[in-house]
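Inspection log for the structure reproduced underneath, given as structure tokens.
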Amino acid sequence: MSFTKLAIGTVLATAMMASTAYAETKHVVIGTGGQTGVYYQVGGAICRLVNKKTAEHGINCTHKTGGSVSNINGMRAGDLDMGVAQSDWQYHGYNGTAPDKFPEGAYTDLRAVFSVHPEPFTVVARADSGITTFEGLLGKKVNVGNPGSGARATMEVVMEKMGWEMGDFALAAELKSSEQSAALCDGKVDAIVFTVGHPSGTIKEATTSCDSILITVDNEVIQKLASENDYYDMTSIPGGTYTGTDTDTVTFGVGATFVSSTAVDDEVVYQMVKAVFDNFKRFKKMHPAFSHLKEADMITKNLSAPLHDGAVRYYKEMGWM
């Protein structure tokens, strides 16, 4: 065989192999949150670790913005394979206990994969707004969050327990997380409400672009809410985390969780979990909110839906279960 024919044959064979590999590649889409929030960083971190070994396991990962509720509904509709969701909305999605958010009822195919960082319910007010307490939000311009986000859904739960309605605010803005800091400092709103891991880029922007303070969220109603629901807990944001607030800010919170469904192949979930925990030290360095994560907590805490079989396989191999 001539060199030319051999070269052509090699090129064709290589092209065929590449085409076959591409055809077999499993494309996984993760629903995250706004680009300035930690959910977006969670999805990005997982995808970077997974995509480093696409050639070995044939999985390619991408992520898109969304929010807790929309991510769970997106998985149910088949638009997403996995998603990041607050622990309370994982619970409500699986059990169907929030019909206004999950109109199709209990999503029993929802599966937990692991939990990530804690997420305090965070209220930030412009220093000149006159807001010094949580109750001080009444009559003010407040960003309650965009529909579909876990932050908005949690705010609605809190409002219901407090006996508040949207009309009790001078303005109930529905801005995305990426828009709210600028709105606060531009005077379009007096305060923003955000359920988020810390440190948060959004909150950092709000507290450095203008004089702003974190507001304590701690009263009998909130304490009762936290004590009666396992997916909530009283917590605090350490003083000094943000400019303008030097003392700890007491509030309640949830946990960020990574979820999937029975529709996603066990092998895919196994490889996704393996990519994170085989590179755990690196994962923890990918965002400050991940720095204190512990494997034992991530596979047990804040998980209201059954663990995905693919995740269980990895955890058993590691001797964690």
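Throughout, read-outs are computed from the coordinates displayed, never taken from laboratory work. These numbers come from a predicted model, not from an experiment. Here Cβ is always computed from backbone atoms with ideal geometry, including for glycine, and neighbour counts include all displayed protein chains.
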Only residues of region 138-159 count here: report those whose backbone N is under 15 Å from the spot 7 Å along Cα→Cβ of Glu165, or say none. 139, 159
Kindly express, to the nearest 10 degrees and within the range 0 to 90, the angle between helix 3-24's C-alpha long axis and the longest C-alpha principal axis of the chain. 40 degrees
With +1 on the Cβ of every Lys and Arg and -1 on the Cβ of every Asp and Glu, and nothing else charged, how large is the dipole of the chain about its Cα centre, in debye rounded to the nearest 20? 1320 debye
Match the structure shown to one of the listed values (i) 32, 60, 8; (ii) 31, 56, 13, 0; (iii) 32, 51, 13, 3, 0 of P(r) over Cα pairs in 20 Å bins from 0, in percent, computed from it, and give that label. (iii)
Which entries of Lys26/Lys53; Lys161/Lys188; Lys176/Lys281; Lys141/Lys161 show an alpha-carbon separation above 23 angstrom in the structure shown? Lys161/Lys188; Lys176/Lys281
Fewest first, what order do Lys26, Lys274, Lys285 take by the number of other Cβ atoms within 10 Å? Lys285, Lys26, Lys274
0 to 90° range, to nearest 10: angle between helix 38-51 axis and the chain longest Cα axis: 10 degrees
Applying the Karplus parametrisation 6.51 cos²θ - 1.76 cosθ + 1.60 with θ = phi - 60° to the phi angles of region 195-204, what ³J(HN,Hα) value in whole Hz is obtained for each residue in order, glycine and proline being reported as x? 9, 7, x, 10, x, 10, x, 4, 5, 4
Sort Ser260, Ser236 so the one with the fewest other Cβ atoms within 10 Å of its own Cβ comes first. Ser236, Ser260
Could you work out the helix-only [θ] at 222 nm for the chain, with each DSSP H run of four or more residues adding -39,500 (n - 2.57) and the total divided by the number of residues, to the nearest 500 deg cm²/dmol? -11500 deg cm²/dmol
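Return a whole-number percent for the relative contact order of the chain, with Cα pairs under 8 Å and 6 or more residues apart as the contact set. Mind dumping the intermediate values first?
Working: 644 pairs, mean separation 74.0, N = 321.
Value for the chain: 23 percent.
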Where nothing but the Cβ of Lys and Arg (+1) and of Asp and Glu (-1) is charged, how large is the charge dipole of region 71-210 around its Cα centre, in debye to the nearest 20? 220 debye
Sorted by chain and then number, the residues having a modelled amide H within less than 5 Å of the amide H of Tyr107, at least 5 places away or on another chain, are Tyr94, Asn95, Gly96
Report ³J(HN,Hα) in whole Hz for each residue of region 176-182, in order, from the Karplus equation J = 6.51 cos²θ - 1.76 cosθ + 1.60 where θ = phi - 60°; Gly and Pro get x. 6, 4, 6, 9, 6, 5, 5
Here the relative contact order (percent) of region 119-254, from C-alpha pairs under 8 Å and at least 6 apart, is 33 percent
Cα pair distances in region 119-254, grouped into 10 Å bins until the bin that holds the longest one, percent each: 13, 49, 35, 3
Using a 10 Å cut-off around each Cβ, can you sort Tyr231, Tyr91 from fewest to most neighbouring Cβ atoms? Tyr231, Tyr91
For a quick check: with amide H placed at 1.01 Å from N, whose amide H comes under 5 Å from Ala173's, ignoring anything fewer than 5 positions away on the same chain? Val142, Asn143, Val144
